[in-house]
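Undergrad: Quick one: the structure is below, questions incoming.
The values are calculated or read from the model by the stated rules, or taken from the named source; none is laboratory data. What you see is a predicted model; the values in this text were computed from it and never measured. Here the Cβ positions follow ideal geometry from the backbone for every residue, glycine too, while neighbour counts run over all protein chains shown.
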Amino acid sequence: MIRRATAVRCLAAVLAVCLAAGCASADSLKQARGEGVKRTFRQPYDKVFAAAMSAADERKLAVVESKRKDGVILLTSGASLSSLGGERIAVFVARLDDVETSVEVVVRPVVPGVSFPPDWPDLLFGEIEENLAEQRLSN
């Protein structure tokens, strides 16, 4: 009985450390700029930023931070069967010129090594493209 209680305490301590490290990763995501998957859209910055925010909402990602001026969107996904702790996701939006905008997606698991997350860059880029197409058709 004592061994079981000790094992449970050790497991709880390990999970607490992993979650604490995951919480700190939101700041480390900002430093990971340049390490993600990039795509260029032939649309103005404001339209692409709005489409990225809409994509996050459509994918039911929680917005941790959004700074339009800096082109930074920090998101989290919830835990699931394929990703026990969920993921922290950074979307960096950068103006290339008046009609081209670059988007970069960086993904980090909250609990490293225990995650098989969806392909967030592909999913978000797809949603952004759909949102931009809808904007073009409505104008």
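Undergrad: Just one of Val107, Val72, Val114, Val103 is of a type in the set (A, V, I, L, M, F, W, C), modelled with pLDDT under 95 and closer than 18 Å to Lys30 by Cα; which is it? Break it down stepwise before answering.
TA: Working: Val72 fails: modelled with pLDDT under 95; Val114 fails: closer than 18 Å to Lys30 by Cα; Val103 fails: modelled with pLDDT under 95.
Going through Val107, Val72, Val114, Val103 in turn, the sole match is Val107.
Undergrad: I've got another one for you. Name the pairs whose Cβ atoms lie under 6 Å apart, with the first residue in the stretch 115-131 and closer than 14 Å to Leu61 by Cβ, the second at pLDDT below 95 and buried (at least 18 other Cβ atoms within 10 Å of the Cβ), and 6 or more positions between them or separate chains?
TA: Pairs found: Pro117/Ser83; Pro117/Glu87; Trp120/Ile89; Trp120/Val107.
Undergrad: Can you list the strands (runs of 3 or more DSSP E) lying wholly within the stretch 38-107 that have 1 or more residues being among the aromatic types (Phe, Trp, Tyr) and in contact (Cβ under 8 Å) with a residue 40 or more places away in the chain?
TA: Details: elements: 62-67, 72-76, 87-95.
Ranges flagged: 87-95.
Undergrad: Restricted to the stretch 29-57, and to residues that are at pLDDT below 95 and loosely packed, with under 14 Cβ neighbours inside 10 Å, which residue is farthest from Arg108 (Cα to Cα)?
TA: It comes out as Gly34.
Undergrad: Sticking with this structure for a sec: Among the residues of the stretch 58-110, what is the count of those that are under 17 Å from Phe41 (Cα atoms), crowded, with 19+ Cβ neighbours inside 10 Å and more than 9 Å from the chain's Cα centre (by Cα)?
TA: Summing the residues that are under 17 Å from Phe41 (Cα atoms), crowded, with 19+ Cβ neighbours inside 10 Å and more than 9 Å from the chain's Cα centre (by Cα) in the stretch 58-110 gives 6.
Undergrad: Something else: Of all the residues that make up the stretch 112-138, how many are touching a Cys at 6+ places or on another chain (Cβ under 9 Å) and within 22 Å of Gly34 (Cα to Cα)?
TA: 1
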